[in-house]
Amino acid sequence: MKKTKLNIDWKKGAPQQKGVYLVAVYYSTGFGSCDFAFWNGEVWDVQQQVVGWTSVGVITDTFTTNWPEWDDNMAEIEDSLRKNPPKPSADDDFVEFN
């Protein structure tokens, strides 16, 4: 697979919300890498020094991927939705863009 360079708008300090983030970390060897880490509201779940972070949405909003071809349930779900489309409700705030 061809690599794609993504320019990240890295944030400093601590996130305001708990969750999984894309982080830039330094290792004790002086090398660094990007990884995913959980912020529990107080500390990161990694032992390395986190020098920058951003929302995982940066990744998921940038790429469109294929679905695993071995997931046979997806065809059944899509067929069922075509035959029985969901009725919109006032409580439905989910919007999907293709």
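Observations
- Considering the range 26-52, the residues that are more than 25 Å from Lys2 (Cα to Cα) and of a type in the set (A, V, I, L, M) include one that is modelled with the lowest pLDDT, namely Val46.
Each row is one residue, and each column tells you yes or no for (1) surrounded by 13 or more Cβ atoms within 10 Å (Cβ to Cβ); (2) hydrophobic (A, V, I, L, M, F, W, C); (3) in contact with a helix residue (DSSP H, G or I) (Cβ under 6 Å, 6 or more places away or on another chain); (4) modelled with pLDDT of 75 or more.
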{"position": "Lys2", "(1), (2), (3), (4)": "no, no, no, yes"}
{"position": "Asn7", "(1), (2), (3), (4)": "no, no, no, yes"}
{"position": "Lys12", "(1), (2), (3), (4)": "no, no, no, yes"}
{"position": "Val23", "(1), (2), (3), (4)": "yes, yes, no, yes"}
{"position": "Thr54", "(1), (2), (3), (4)": "yes, no, no, yes"}
{"position": "Gly57", "(1), (2), (3), (4)": "no, no, no, yes"}
{"position": "Asn84", "(1), (2), (3), (4)": "no, no, no, yes"}
{"position": "Pro88", "(1), (2), (3), (4)": "no, no, no, no"}
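- Of residues in the range 29-41 being free of Cβ contacts under 8 Å to residues at least 12 places away in the same chain and not in a strand (DSSP E or B), the one surrounded by the most Cβ atoms within 10 Å (Cβ to Cβ): Phe31
- Hey, Gly52 part of a strand (DSSP E or B) and within 16 Å of Tyr21 (Cβ to Cβ) or not: yes
- Close contacts from the range 4-28, counting a first residue that is closer than 17 Å to Thr60 by Cβ and a second that is of a type in the set (Asp, Glu) and at pLDDT below 95, with Cβ to Cβ under 9 Å and a gap of 6+ residues or different chains, come to Leu22/Asp35; Val23/Asp35.
- The range 11-28, residues that are in a strand (DSSP E or B), within 12 Å of Val51 (Cβ to Cβ) and among the aromatic types (Phe, Trp, Tyr): Tyr26
The values are calculated or read from the model by the stated rules, or taken from the named source; none is laboratory data. A quick note: this is a predicted structure, and the numbers were derived from the prediction, not measured. Methodologically, a virtual Cβ is constructed for each residue, glycine included, from the backbone with ideal geometry; neighbour enumeration extends over all protein chains shown.
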